[in-house]
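Presented below is the structure to which this report refers.
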Amino acid sequence: MNEEDAIKLLKKYSKDVDSFEAVLAHSKAVQKNALEIADKITKITINKEFIKIASILHDIGRFNHPPWSDTVIQHGVEGEAIMRKEGFPEIARVCARHAGGAGISKEEIIKNKFSMPAKDYFPETPEEKIIALADVTTANTEKTTIKVAVERYKKEVSEKLAKRIQKLYDEVESWK
């Protein structure tokens with residue numbers, strides 16, 4: 001799959017032109033941010049081509065679960081299902097594991113009664129971690145700092161998630 005194919009696939013699952021353009025604009029901003037992060041990494045090998053494609057598709061589940069909805073957390077597992085159906089299990093993992101900013105635990109799913117399978121969804125591969133970090137430090141289409149992202153998640157979600165995001169950032173920084 002190339003970037004053009006990824007964009008066509010994103011469009012296939014969009015509901016309308018406006019939502020497609022909004023998700024694509026955000027995804028392109030995340031892509032740019034993720035590739036900038038990847039370009040600075042020297043201590044481990046990063047698959048930048050995978051990041052380029054997966055970052056375009058990371059929010060493919062967003063069309064049925066927009067940011068303002070009370071089902072927003074489910075966009076990751078919906079994206080996972082779509083990408084598995086389309087035959088891209090590695091990208092499916094990115095979709096599932098970026099939700100919540102830096103992933104979400106089985107315990108958090110149960111405690112909050114989220115309508116999704118109760119299991120851990122944490123980014124594991126370097127590429128998954130980079131895309132999750134790029135997503136959390138991209139507010140709509142604007143790149144933000146890790147400090148702004150941590151404060152936002154602390155205020156809007158929880159101290160626990162804010163600490164998880166900081167830990168993710170620190171890990172990725174250690175690869176430079």
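The values are calculated or read from the model by the stated rules, or taken from the named source; none is laboratory data. Small disclaimer: the values here were computed from a predicted structure and weren't measured. Cβ placement follows ideal geometry from the backbone for every residue including glycine, while neighbour counts extend to all protein chains displayed.
Does the stretch 114-130 include one or more residues that are among the aliphatic types (A, V, I, L, M) and more than 25 Å from residue 5 (Cα to Cα)? Yes, the stretch 114-130 has at least one match. When the stretch 50-70 is limited to residues that are over 11 Å from residue 91 (Cα atoms) and among the small types (Gly, Ala, Ser), the one that is surrounded by the most Cβ atoms within 10 Å (Cβ to Cβ) turns out to be 61.
Scanning the stretch 49-80 for residues that are of a type in the set (S, T, N, Q) and closer than 14 Å to residue 10 by Cα yields 55, 64. Looking only at residues of the stretch 113-169 that are loosely packed, with under 13 Cβ neighbours inside 10 Å and under 15 Å from residue 31 (Cα atoms), we find that the one that is nearest to the chain's Cα centre (by Cα) is 140. Annotation: of all residues in the stretch 81-105 being modelled with pLDDT of 95 or more and within 18 Å of residue 163 (Cα to Cα), the one that is nearest to the chain's Cα centre (by Cα) is 98. Of the helices (runs of 4 or more DSSP H) entirely within the stretch 59-176, those holding at least 3 residues that are of a type in the set (Lys, Arg) occupy 146-156, 159-173.
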